[in-house]
Amino acid sequence: MIVGTKNIISDIKVVLKKYSIIELVELSYSQFENVDIQCNNLVKHAKNSNIEEIKRELKNTLSENEYIHKVSLAKNNFINIELSIKYFNENLNTEIKQINENKQSIIIDYGGPNIGKALHVGHLRTLNIGRSIYNTNKLAGNKIISDIHLGDWGMPVALILAFIEKNKIDINSVNYLDLESIYPDANNLAKSDEVFYENAKKIAKKLNNGDKLTLNNWRKIYKTSVTEIKKLLKEMGHSFDWFYGESDVVEETKKVIANAKIQKKVVDDSGALVSKEKHEPPIILIKSDGSFLYLTTDLGTIYFREEKQAFNKYLYVVDQRQSNHFKQLFSTVSYFGLSDKEFQHISYGTMNGVDNKPLKTRDGGVYKLTTLRDDIKNELKKKNSEENSLEILTNTILTYSDLIPNRTQNYKFEIDQFTETNGKTGIYIQYAQVRARKILESVPQVSYINFNGDLNEEERNLIFEISKFYYIFFNSLEKHEPHHLAEYAYTLSQVFNTFYTNNKILSEEISNPEREKRVYLVELFYQKILQVFEALGIEPVDKM
RNA sequence: GCUCUCGUAGCUCAAAUGGAUAGAGCAACAGACUUCUAAUCUGUAGGUUAUAGGUUCGAGUCCUAUCGAGAGCGCCA
């Protein structure tokens, strides 16, 4: 829906209705030169006997519309519209919250990192996509709560504890770097050493049963790991409303199981507890050794959230490889009657290496996030970045490069591409923003201005591009796809840069109506690009 | 074997419910700094949208087949 076009649509509808054409009328942006928006409705009525008459009448009616500067009907029946200055004067300052008629209450689950494992490049997508969806919803006036949903329970932790126990490591001396090497070692050991694996399973069970000594050890590991995770996330500009994990829902998970038993919706299958709902593979809730699975804990988490707050939508920002898991989870939620809310898996493609296979998380070759940050920072230092902006620019690259590709596709992770500072990059959009900011700092603010028709090509292009903001924002919001906004940040900056290089603003040659108009244009650009930054989770720099 | 996702320029990616002439960036080539920051701007070149059919006014987008790539598949998360 293009903002401010309701009355154009209704004009078209009225004419079509006279000829008994009653249908949904829609407008879309056009790629043609000197055409802003187009209407495709008429194309399919080419064989209508009144087509010429309809076209004539449409042209007459639309020519009268004050939001339209020029209308033309193509031979193949596309309706091409050039918008009037009045349209822009009225539609560049609308508040997003006012346009959003369907306010929602949402919880967004980041399918969190696991404690004891280093954050690696594979974690980038969930963080970036999640934050963008979160911010976009906030801007739209929706209520949204983010929960990191930490992987802090079950087998992964049990493996770490078992490894510490087996090698008689002093748990009090273990720091986060130790943990990062312990997990892969323990994981490998479990594959070859059956006794060790059995031991780990026992520890997992002890955790679920609340064994005091095991819990104490778990707490130490938890604290060491979480402190480090929080520190890195903060440096990267990520924060969460809730920092709950699987360990917080142990009791709730048990309740879910108990209720399912009462409702007779589960059955014993060779020692394991399985849902009666038909699925392939079947849904196992409790393993034959008594411990819970991933899905079981997720059910507990939903129980926990339902108790805590009323949401009407659950979003899970998790890798597409888990789509089957979520299909089963959502199905079980409704089968068990846990919630009747809307559940959605916001899946994203894997980040692949040059071999086109997902970057693996285990053993030696893990590309840690901290390493990636350092690599980018070093690349930026070569370009003589302002020292103060280095952190923010690094984060910008880390976010922007990741949000540019469509989330639903896999994409190839290449370090060169990530550290690139030319072209369609975070650096480019920051630079445009800094240029605008610099201008605005040196002049007093211009209050609202009505444009007249006296706009040159670059000015007109900039205004038009700015007006697309609402369409793209809501497209991103509704589809949970940040890449539309990321792409827009680039095109908007590009149009601004062209305007900037070809039009002097503060020069003495430019006198007042002209100058004030251009300053106002810069203000409009700045205001919109900042909102896009906000929606993407990018902090603007002061200088560069 | 079964299920799912994908295949667009040399490379990395766009293309809103099916719309007109498929767009960007990188790399390549040619230009623009005495002027609000050149981390910028302007231009050239680059395509049978994997292949073959089908649906229709109209297909990169929907359907079928083939080829190619990736992912998931009972007690890991």
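The values are calculated or read from the model by the stated rules, or taken from the named source; none is laboratory data. Values in this document were obtained by computation on a predicted structure and should not be read as measured data. Reconstructed Cβ throughout: ideal geometry from the backbone, glycine too, with neighbour counts over all protein chains shown. With ligands, DNA and RNA removed, areas are computed over all heavy atoms of the protein, side chains included. Shrake-Rupley method; radii C 1.70, N 1.55, O 1.52, S 1.80 Å.
For this structure, a couple of remarks:
- Residues being within 24 Å of A:Lys528 (Cα to Cα) and either open to solvent by less than 10 Å² (accessible area, probe 1.4 Å) or modelled with pLDDT under 95 (or both) are entirely absent from the range A:17-25.
- The residues listed here are A:Lys468, A:Lys479; of these, the one that is within 23 Å of A:Ile144 (Cβ to Cβ) and open to solvent by 30 Å² or more (accessible area, probe 1.4 Å) is A:Lys479.
- Selected residue (only one of A:Ser105, A:Ser49 is surrounded by fewer than 17 Cβ atoms within 10 Å (Cβ to Cβ) and more than 39 Å from the chain's Cα centre (by Cα)): A:Ser49
- When the test is whether a residue is assigned to a helix (DSSP H, G or I) and over 27 Å from the mean Cα position of the chain (by Cα), A:Lys377 does not pass it.
- Only a single item in (1) within 16 Å of the chain's Cα centre (by Cα); (2) within 16 Å of RNA strand B (Cβ to nearest atom); (3) open to solvent by 30 Å² or more (accessible area, probe 1.4 Å) is not met by A:Lys44, and it is number (1).
- The number of residues in the range A:41-82 that are in a strand (DSSP E or B) and within 15 Å of A:Thr5 (Cβ to Cβ) comes to 7.
- Among (1) part of a helix (DSSP H, G or I); (2) near RNA strand B (Cβ under 10 Å from one of its atoms); (3) touching a residue at least 60 places away in the same chain (Cβ under 8 Å); (4) crowded, with 19+ Cβ neighbours inside 10 Å, the one test that A:Ile463 misses: (2)
- Here the range A:404-437 is the region considered, the condition is being over 18 Å from A:Lys381 (Cβ atoms) and free of Cβ contacts under 8 Å to residues at least 24 places away in the same chain, and the residue that is nearest to RNA strand B (Cβ to nearest atom) is A:Gly423.
- The set of residues from the range A:60-76 being open to solvent by 30 Å² or more (accessible area, probe 1.4 Å) and within 14 Å of RNA strand B (Cβ to nearest atom) comprises A:Lys70, A:Ser72, A:Leu73, A:Lys75, A:Asn76.
- Filter result for A:Ala535 (part of a helix (DSSP H, G or I), more than 13 Å from RNA strand B (Cβ to nearest atom), out of contact with any Gly (no Cβ under 8 Å at 6 or more places or on another chain) and open to solvent by less than 40 Å² (accessible area, probe 1.4 Å)): yes
- Elements of type strands (runs of 3 or more DSSP E) contained in the range A:266-352, each with 2 or more residues being at pLDDT 95 or above, in contact with an Asp or Glu (Cβ under 8 Å, 6 or more places away or on another chain) and over 23 Å from A:Glu251 (Cβ atoms): A:313-319
- Exclusive hit being in contact with a Leu (Cβ under 7 Å, 6 or more places away or on another chain) and either part of a helix (DSSP H, G or I) or assigned by TED's automatic domain parsing to the domain that holds A:Phe473 (or both), set A:Thr136, A:Thr126: A:Thr136
- Odd one out for A:Thr491 among (1) of a type in the set (Val, Ile, Thr); (2) at pLDDT 95 or above; (3) open to solvent by less than 30 Å² (accessible area, probe 1.4 Å): (3)
- Qualifying residues in the range A:177-213 (those that are touching a residue at least 60 places away in the same chain (Cβ under 8 Å) and basic (Lys, Arg)) - the one most open to solvent (accessible area, probe 1.4 Å): A:Lys205
So that you can scan it fast, the table gives a plain yes or no per residue for (1) of a type in the set (A, V, I, L, M); (2) touching a residue at least 40 places away in the same chain (Cβ under 8 Å):
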{"position": "A:Leu42", "(1), (2)": "yes, no"}
{"position": "A:Ile51", "(1), (2)": "yes, no"}
{"position": "A:Leu58", "(1), (2)": "yes, yes"}
{"position": "A:Ile68", "(1), (2)": "yes, yes"}
{"position": "A:Asn93", "(1), (2)": "no, yes"}
{"position": "A:Ile107", "(1), (2)": "yes, yes"}
{"position": "A:Asn114", "(1), (2)": "no, yes"}
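- If you check A:Ile302, A:Ile346, A:Ile262, A:Ile284 for being open to solvent by less than 30 Å² (accessible area, probe 1.4 Å) and more than 30 Å from A:Thr396 (Cα to Cα), only one passes: A:Ile302.
- Unique residue being touching a strand residue (DSSP E or B) at 6+ places or on another chain (Cβ under 6 Å) and more than 20 Å from A:His238 (Cα to Cα) when the list is A:Lys412, A:Lys382: A:Lys412
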